[in-house]
Every structure is written in structure tokens, then in C-alpha cells.
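The values are calculated or read from the model by the stated rules, or taken from the named source; none is laboratory data. These numbers were taken from a predicted model, which means no experiment stands behind them. Virtual Cβ from ideal backbone geometry, glycine too; neighbours counted across all protein chains shown. Note: areas computed on protein heavy atoms with side chains; ligands, DNA, RNA excluded. Shrake-Rupley method; radii C 1.70, N 1.55, O 1.52, S 1.80 Å.
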Amino acid sequence: MSEKFTKSMARNIFFGGSVFFILVFLALSFDTVQRLPERDHRENITESVVLGKKVWEENNCIGCHTLLGEGAYFAPELGNVYIRFGNSKEAIKAFIKSRPKNGIPGRRSMPQFNLTEEELDGMADFLKWTSEINTANWPPNIQG
Amino acid sequence: MTTLVKYQSQLVAKPYFIAAIGLFIGQILFGLIMGLQYVWGDFLFPEIPFNVARMVHTNLLIVWLLFGFFGAAYYLVPEEAERELHSPKLALALFWIFLVAGVLTILGYLFVPYATLAEMTGNDLLPTMGREFLEQPTIIKIGIAAVALGFLYNIGMTILGGRKTVVNIILLTGLIGLAVLWLFSFYNPENLVLDKMFWWWVVHLWVEGVWELILAAIMAFVLIKTTGIDREVIDKWLYVIVAAALISGILGTGHHYYFIGTPEYWQPIGGIFSAMEPIPFFMMTLFAFNMVNRRRRDHPNKATVLWAMGTGVLAFLGAGVWGFMHTLAPVNYYTHGTQITAAHGHMAFYGAYVMIVLTIISYAMPIMRGREANSKKAQAVEMWSFWLMSVSMVFITLFLTGAGILQVWLQRMGEGLPFMQVQDQLQIFYWLRTISGTIFMIGLIVYVWSFFVKGDDVVATD
Ligand code: HEM
Ligand code: HEM
Ligand SMILES: [Fe+2]
């Protein structure tokens with residue numbers, strides 16, 4: 001690199017640039033958090049939805065599935081599964097409930113989690129709530 | 001035992017590097033298990049469900065890279081600061097704490113159902129589990145934070161009391177950033193959108209932010225040592241690279257805020273800034289090649305120089321090129337959460353962070369074991385492992401990219417076919433990926449073997 005461009009100039013760009021963009025990022029993040037309520041419909045986060053998220057986490061569903069496109073790529077996207085299952089919470093519950101303990105021979109299998117009725121309701125409510133988040137029209141189609 | 005280190009305390013790096021390599025083997029083993037589960041859906045079910053293998057694979061990756069970074073810091077900070085490490089005892093104690101905690105976590109994943117593990121470790125008190133990469137029980141997360149804090153104290157005191165080189169300052173800045181951002185792993189709100197938004201403050205701001213500082217600092221240290229180039233030149237490069245990394249990477253976080261419920265203004269912001277993220281990676285490549293071409297000495301450790309140049313190239317390809325491929329919102333709309341993401345994740349992690357850790361290990365291990373470089377024969381074996389692992393990783397990436405393109409085509413265009421049906425049509429790519437993965441494993445075995453190859457020691461030529 002040229003002689004005119006000194007080490008201290010480089011250092012100033014590093015420190016100055018970083019601090020500047022950290023501040024811009026914090027400001028934008030603050031703005032985002034302000035705007036989120038109208039996009040995430042948090043008024044619909046019931047106790048059951050909260051329980052559903054907890055059950056989601058404590059059974060590591062993200063280890064096979066994506067949720068809004070993030071997670072693992074082994075099993076279907078679940079952010080819109082409520083819609084894919086015909087807006088039916090019952091269908092979601094039935095699917096989770098009916099997984100065979102030893103899997104399906106030769107097919108990628110989902111474990112039997114032995115969830116209680118309350119937990120199943122929570123999960124279905126959580127997935128319904130998730131499907132209503134404004135995700136800028138993602139996914140492109142019903143298949144997720 | 002004889003050793004050539006300038007400061008005895010640098011030797012604490014050795015157990016860190018050995019543990020890193022051990023856990024690396026475990027990581028790849030579980031990668032292969034998942035590779036097989038992709039083609040034989042019921043493989044090892046229900047004993048090791050896919051999600052368990054995945055946690056083991058990704059968490060081992062992160063933990064062994066952290067072992068690598070810690071070891072790198074313990075090795076290079078004293079040498080740069082020109083003094084002994086503040087407390088080698090603390091470094092050794094933290095090593096054992098971290099190793100035991102890490103191994104216990106992996107055993108927990110493997111032998112206890114995840115929900116039971118959550119219950120046993122009191123996830124109710126402060127729920128942080130069950131999110132990708134952050135699956136560790138809360139108590140383990142606290143342990144990681146404590147280990148990082150003790151480590152920063154040790155390194156920080158060493159730097160404060162010694163020569164403050166640019167390498168040390170950048171490394172320390174990166175490591176402080178790593179520890180501070182980790183704290184966001186404790187923030188897990190009930191609102192999924194907020195959860196996801198701040199989850200990226202750990203994941204993205206690590207790999208496309210502060211870890212790049214660590215990467216650049218280690219690279220600079222190795223280049224100084226192996227090429228004999230003037231520090232003034234190296235320092236200037238170092239500052240410019242890390243400036244470019246943070247200036248692009250911080251707002252580049254926006255490339256994860258397209259479709260998770262966050263406002264649409266992130267689409268242009270995330271797109272523009274993340275499109276600039278390849279720049280620091282490209283500069284890193286130029287940096288490595290330029291310094292090696294203009295070298296003032298021929299270091300006898302040819303393997304290290306190969307690893308350093310390889311890091312430059314594959315980090316640029318994996319992070320820069322494969323990252324750019326899907327980073328603009330109109331593209332990401334179709335590729336988000338597909339095998340394209342997996343392709344990019346693999347080559348980026350390997351090219352940047354796996355390879356830089358293997359670079360510093362390659363440089364430091366022989367010196368800690370009493371020779372400036374390994375014998376020609378041992379280096380030849382090590383270079384074989386370089387090519388086996390790197391070429392097979394390129395193929396893993398290419399096959400996953402093929403799978404991803406076909407997946408997007410079949411599943412996301414028009415009406416689309418159901419996920420599971422599409423997966424059936426990608427089998428051939430998954431088979432090829434698993435075969436490449438097996439060759440990667442062979443490369444790793446060759447790598448481990450290179451440490452045991454005897455032969456006449458190579459001595460310095462300058
Ligand atoms: C050093 C080498 C490797 C690195 C750095 C690495 C890294 C990673 C990372 C970062 C992920 C998470 C990906 C994401 O969320 O996008 C992952 C997942 C995975 N890796 Fe690896 N990996 C390596 C080697 C392997 C090998 C050799 C195989 C198998 C042949 C493998 C198979 C997998 C599979 C199947 C997944 C899960 C993908 C999914 O979610 O469906 N990996 N790996
Ligand atoms: C060494 C640096 C990098 C590493 C280790 C890395 C690793 C990863 C990993 C593991 C993921 C998957 C995260 C998940 O599981 O959801 C990911 C996602 C992503 N990365 Fe990177 N990355 C790096 C640099 C970059 C760069 C420079 C760009 C852009 C130019 C980029 C663009 C993206 C995008 C757009 C996604 C989201 C993919 C999706 O929508 O599914 N990455 N990266
Ligand atoms: Fe990112």
C-alpha cells in the first residue's frame with residue numbers, strides 16, 4: 001500500500017468507521033424494535049403461545065426443521081405449516097401425536113415426543129401465531 | 001522436553017490445540033452420521049435422531065474453534081507483548097473447566113433426551129436452550145461466559161503489561177467482542193421475532209464481525225513470522241482489513257432481517273452492506289499472497305505457508321463468493337433456508353475459521369515441540385491432508401449447491417412440490433456429499449497422522 005496512506009490513517013478509519021456504524025446499527029435496531037408490534041401481532045401472544053415456544057425449544061424442533069427459513073434443512077419449513085395444513089390446529093396436533101416411536105422404515109423420521117394435550121395445544125397455537133407474522137411475503141409458496 | 005518457544009508460558013497453548021483437534025474429529029464423525037441420515041432416513045433412529053447429531057456436529061465445531069482461538073491467543077500474545085503470560089495456571093485451569101463442560105454437554109445431548117436435559121439443568125429459570133447453535137444448557141452458557149471472562153483477564157493483563165502491538169490490539173478487540181456478543185445468547189424473549197433478531201447478534205456479528213478480527217490478527221502474526229515482512233506494512237494491511245470487515249459486516253446483519261418479521265427497509269440496507277462483505281475477505285487473500293511473494297526469508301515450515309494461503313483463498317470463496325451469491329433480498333427470497341445456505345455455511349466456516357486455526361497450529365506446534373519446523377516428510381503428509389480436506393470441502397460445497405439449486409427450482413418456483421418429495425429427488429447430490437465427506441475424514445486422519453511422522457528435523461535457512 002502506498003506511502004501516503006499511513007498506518008495512523010488506517011487505524012483511524014478502523015476505529016472511527018466501526019464506532020460510526022455501530023451507532024447507526026443501534027439506531028436502526030431501536031427503530032425496528034419500535035415498529036415490530038404491528039408486524040408480529042404480539043397482542044396475540046397468549047399464555048398458550050408462550051408455552052408452545054417453550055415446548056418448541058425444549059424439544060429442539062429447530063434441529064430438523066426451519067422456522068421462517070432458519071434452522072435445519074432436514075425437514076419441512078414450519079413457519080407456514082398452519083396454512084399448509086388447511087388452517088387447522090387439530091391437523092398439526094394429530095401429526096405430532098401420531099409419530100411412530102421407532103420411526104418410519106426407510107424414511108426420514110420425526111421422534112415421538114409424548115407431549116401432553118396442553119403442550120400440543122401450545123405448539124399448535126405457537127405455529128398459528130408464527131404463520132401470522134408479516135414476513136414480507138415469504139415463503140414464495142405454500143410448500144415453504 | 002525441549003522447546004523453542006521464546007516464553008515458557010506460551011506452552012499452555014499446546015493442550016488447547018490438542019483438544020481442538022480431538023473435538024474436530026468428533027465433529028466430522030457426526031457430520032458423516034448426518035450425511036448418511038440424509039440418504040437413509042431411518043439411520044440410527046431413534047437412538048441418534050438427526051437433531052441430536054446436528055447439535056453435536058455444530059456445537060463441537062464452535063467449541064473446538066474456540067479452543068483454537070484461545071490457544072492461538074495464549075501462544076501469540078506473550079510473544080507479541082514480549083513477556084510471560086499473566087497467569088499460566090489460570091489458563092490451564094480454564095482449559096480443564098472448558099473441556100469438562102464441553103464434553104459433558106456433548107454427552108448430555110447424546111445420552112439424555114433434550115427435554116429432560118432442559119429440565120435437569122433448570123432451563124425454566126432462564127430459558128435459553130433450543131435455538132440453533134445456542135442449544136447448550138443455560139448453566140453451560142454461563143460457564144462459557146465465565147471461561148471467556150477469565151481468559152480475557154489473563155490476556156488483557158498480559159497485553160497491558162507488555163508491548164502493545166497492532167496484532168495484539170486487534171486480537172484483543174476481537175476477543176472482547178466475542179465475549180460481549182455472547183451475552184445476547186441469554187436474551188430469549190417470548191416473542192419469536194425479537195428472539196430471532198437478537199439471535200443474529202451472536203451468530204452473524206460473530207462470524208461476519210468480531211471473529212474476522214481474530215482471523216486477521218492470527219493471519220498477520222503468522223505472516224510476520226514466516227515471511228519476515230516489516231511490521232509497518234503488515235499493520236497497515238491489518239487495520240484496513242478489519243476496518244472493511246466491520247464497516248460492511250455490522251449493517252450487513254440486515255441480510256438476515258429480510259423475512260423474519262423485521263421491517264422491509266433492511267432489504268436494501270442489508271443487501272448493500274453485506275454485498276461489501278466480500279471485500280475484507282478478498283483483501284485477506286491479497287494480503288497472504290502479497291506478503292508471501294515479497295517475503296524476506298524462506299521459512300522452513302512450508303506447510304504453514306500453504307495453510308495461510310489456503311485460508312485466504314477458501315475464506316474468500318466460501319464467505320465472499322458463496323455469501324454474495326444469496327445475500328441480495330430478491331435472491332435470498334428463493335434460497336433462504338435451503339441447501340444453498342448449508343453449502344455456504346460449510347465452505348465459509350471451513351475456509352475462514354477451521355483453516356486459520358489449522359494455520360496457527362501448523363506454525364506453533366513444531367516450535368512448542370522443539371523444532372522450528374517439522375521434517376520434510378511430516379510436512380509432506382500434512383500438506384496431503386491440506387489438499388484432501390480442502391478439495392473434499394470444495395466438492396461438498398459444490399454438491400450442496402447443486403442440491404440447493406434443484407431444491408429451489410422444484411420447491412419454490414410456481415406451485416412447488418412438497419418438501420419431502422423434493423428431497424427424494426436430491427438423493428444423488430446427498431450421496432456425493434457423503435462420499436466427499438468420507439474423503440474429508442480420511443484427510444483429517446492423515447492430518448492427525450502427520451503429527452506422528454518422524455524424520456530429520458528441518459532447520460532454519462536464514
Ligand atoms: C470442517 C468441516 C465442516 C464444517 C466447518 C462444518 C460446518 C457445519 C455448519 C456450520 C453447519 C450448520 C449449517 C447451517 O446451519 O447452515 C453444518 C451442518 C451440517 N453438516 Fe457440517 N461441517 C463440516 C463437515 C461436514 C461433513 C464432512 C459432513 C458430512 C459428510 C457434514 C454434514 C453436515 C450436515 C448433514 C449438516 C446439517 C445440515 C442441515 O441442517 O440439514 N459436515 N456443518
Ligand atoms: C467466514 C464468514 C462466514 C461464515 C462462517 C458464515 C456462515 C454462515 C452460516 C453457518 C449460515 C447459516 C446460518 C443459519 O443456520 O441460519 C450463514 C447464513 C448466511 N450467510 Fe454467511 N457466513 C460468513 C460470511 C458471509 C458473507 C461475507 C456473506 C455475504 C456476502 C454471507 C451471507 C449469508 C446469508 C445471506 C445467509 C442467510 C442464508 C439464508 O437466508 O438461509 N455470509 N452464514
Ligand atoms: Fe450473516
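Charges were assigned to the Cβ only: +1 to each Lys and Arg, -1 to each Asp and Glu. The resulting dipole of the protein assembly as shown about its Cα centre is roughly 1740 debye.
Averaged across A:51-57, how many Cβ atoms of other chains sit within 10 Å of each residue's Cβ atom? All intermediate terms of the calculation are to be shown ahead of the outcome.
Numbers: counts 1, 1, 8, 8, 2, 3, 13.
The shielding value for this peptide is 5.
Can you give me the % of accessible surface on the protein assembly as shown that is carbon or sulfur? Probe 1.4 Å, all protein chains present, nothing else counted. The partial results should precede the final answer.
Working: 15680 of 22840 Å².
Heavy-atom surface of the protein assembly as shown belonging to carbon and sulfur, 1.4 Å probe: 69 percent.
Applying both filters, DSSP loop and at most 14 other Cβ atoms within 10 Å, to the GluC sites (Glu not before Pro) of region B:60-137 gives B:Glu82.
So, in Å, what gap is there between the alpha-carbon centers of region B:407-462 and region A:79-143? So the two Cα centres are separated by 31 Å. Per-residue shielding of A:71-82, expressed as the average number of other chain Cβ atoms within 10 Å of the residue Cβ, stands at 5.
Taking region B:8-450 as the region of interest, the number of lysine pairs whose Cα atoms are within less than 20 Å, with members eight or more places apart or on different chains, is 10.
Close Lys pairs in chain A, defined as Cα atoms under 27 Å apart and 8 or more places apart or on different chains, number 17.
Where a ≥ b ≥ c are the square roots of the eigenvalues of the C-alpha gyration tensor, would you call region A:43-144 rounded, which needs a/c under 1.5, or, failing that, prolate if a/b is larger than b/c, or oblate?
Values: a/c = 1.67, a/b = 1.17, b/c = 1.43.
Since a/c reaches 1.5 but b/c is at least a/b, the shape of region A:43-144 is classed as oblate.
Selection among A:Leu120, A:Ser98, A:Phe15 by position relative to the dipole of chain A gives A:Phe15 as farthest towards the positive end (Cβ unit charges, Cα centre).
Output the 0 to 90 degree angle, nearest 10, between the alpha-carbon long axis of helix A:117-131 and the longest principal axis computed from the alpha carbons of chain A. It is inclined by approximately 50 degrees.
Interface residues of region B:245-273, defined as those with an accessible-area decrease of at least 30 Å² between the chain by itself and the complete set of protein chains (probe 1.4 Å), are B:Leu246, B:Ile247, B:Ile250, B:Leu251, B:Phe259, B:Gly261, B:Pro263, B:Glu264, B:Tyr265, B:Trp266.
What number comes out for accessible area per residue over region B:1-116 if the probe is 1.4 Å? Units Å², please. Write out the running numbers ahead of the final one.
Values: 4260 Å² over 116 residues.
Per residue, region B:1-116 has an accessible area of 37 Å².
In order along region B:59-69, the Karplus-derived 3J(HN,Hα) couplings, from 6.51 cos²θ - 1.76 cosθ + 1.60 at θ = phi - 60°, round to 5, 4, 4, 5, 5, 6, 5, 5, 4, x, 5 Hz, and Gly and Pro are given as x.
With a simple spin-label model that places each label point 7 Å from the Cα along the Cα-to-Cβ direction, the separation between A:His41 and A:Asn141 comes to 2.5 nm. With a Förster radius of 51 Å, plug the Cβ-Cβ distance of A:Ile104 and B:Val100 into 1/(1 + (r/R0)^6) and report the FRET value to the nearest 0.05. E(calc), rounded to 0.05, equals 0.85.
Quick one: dipole size for chain B, taken about the Cα centre, charges +1 on Lys/Arg Cβ and -1 on Asp/Glu Cβ, in debye to the nearest 20.
Details: 25 positive and 27 negative charges, 263 e Å.
For this selection, approximately 1260 debye.
Ordering A:Trp129, A:Asn44, A:Tyr73 by the projection of their Cα atoms onto the charge dipole of region A:43-144, which places +1 on the Cβ of Lys and Arg and -1 on the Cβ of Asp and Glu, puts A:Tyr73 at the extreme positive end.
Packing, as the average of other Cβ atoms within 10 Å across residues, places the peptides A:17-25, B:255-263 in the order B:255-263, A:17-25, highest first. Entry note, region B:14-100: relative contact order of 40 percent, from Cα contacts under 8 Å with a spacing of 6+ residues. The packing ranking of peptides B:351-358, B:304-311, highest mean first, is B:351-358, B:304-311, where packing means the average number of other beta carbon atoms within 10 angstrom of each residue. For region B:29-101, report the % of Cα-Cα distances exceeding 15 Å. It works out to 65 percent of all Cα pairs. Figure legend: label point modelled 7 angstrom from the Cα of B:Thr438 along Cα→Cβ; residues of region B:24-66 with amide N under 20 Å from it are B:25-45.
Dipole orientation for region B:329-434: of the candidates B:Gly416, B:Thr397, B:Tyr353, B:Tyr353 has the Cα lying most toward the positive pole (charges on Cβ; Lys, Arg +1; Asp, Glu -1).
Provide the per residue accessible area, probe 1.4 Å, for region A:43-144, rounded to a whole number of square angstrom. It would help to have the intermediate numbers written out before the result.
Details: 4120 Å² over 102 residues.
Per-residue value: 40 Å².
Mind checking the angle between helix B:13-39 and chain B's longest principal axis? C-alpha axes, 0 to 90 degrees, to the nearest 10. Its long axis makes an angle of about 30 degrees. Residues of region B:29-52 with an amide N closer than 20 Å to a point placed 7 Å from the Cα of B:Phe451 along the Cα-to-Cβ direction: B:29-31.
Karplus-based coupling profile of region B:275-292, in residue order and whole Hz: 5, 8, 4, x, 4, x, 5, 5, 5, 4, 5, 4, 3, 4, 5, 4, 5, 5, with θ = phi - 60° in 6.51 cos²θ - 1.76 cosθ + 1.60 and x standing for Gly or Pro. Karplus-based coupling profile of region B:187-204, in residue order and whole Hz: 8, 9, x, 5, 7, 4, 5, 5, 3, 5, 4, 8, 4, 5, 5, 7, 6, 5, with θ = phi - 60° in 6.51 cos²θ - 1.76 cosθ + 1.60 and x standing for Gly or Pro.
Identify the residues of region B:151-165 with backbone N under 15 Å of a label point that sits 7 angstrom from the Cα of B:Lys89 along the Cα-to-Cβ direction, or state none. Correct set: B:154.
For chain B, the longest principal axis of the Cα atoms and the long axis of helix B:355-368 meet at an angle of about 30 degrees.
So, counting K/R as plus one and D/E as minus one, what does the shell of residues with Cβ under 12 Å around A:Ser48 add up to? Result for the neighbourhood of A:Ser48: -3. Report the net charge of residues surrounding B:Val167, where surrounding means a beta-carbon distance below 9 angstrom and charges are Lys +1, Arg +1, Asp -1, Glu -1. For residues surrounding B:Val167, the net value is -1.
Multiply the residue gap between B:Ile18 and B:Arg369 by 0.36 nm, knock off their C-alpha separation, and tell me the result in nm, one decimal place. Walk me through the numbers before you get to the answer.
Details: separation 351, 0.36 × 351 = 126.36 nm, distance 1.25 nm.
Contour length minus the Cα-Cα distance gives 125.1 nm.
Taking the Kirkwood radius as Rh and the Cα radius of gyration as Rg, region B:8-450 has a ratio of Rg/Rh equal to 0.95.
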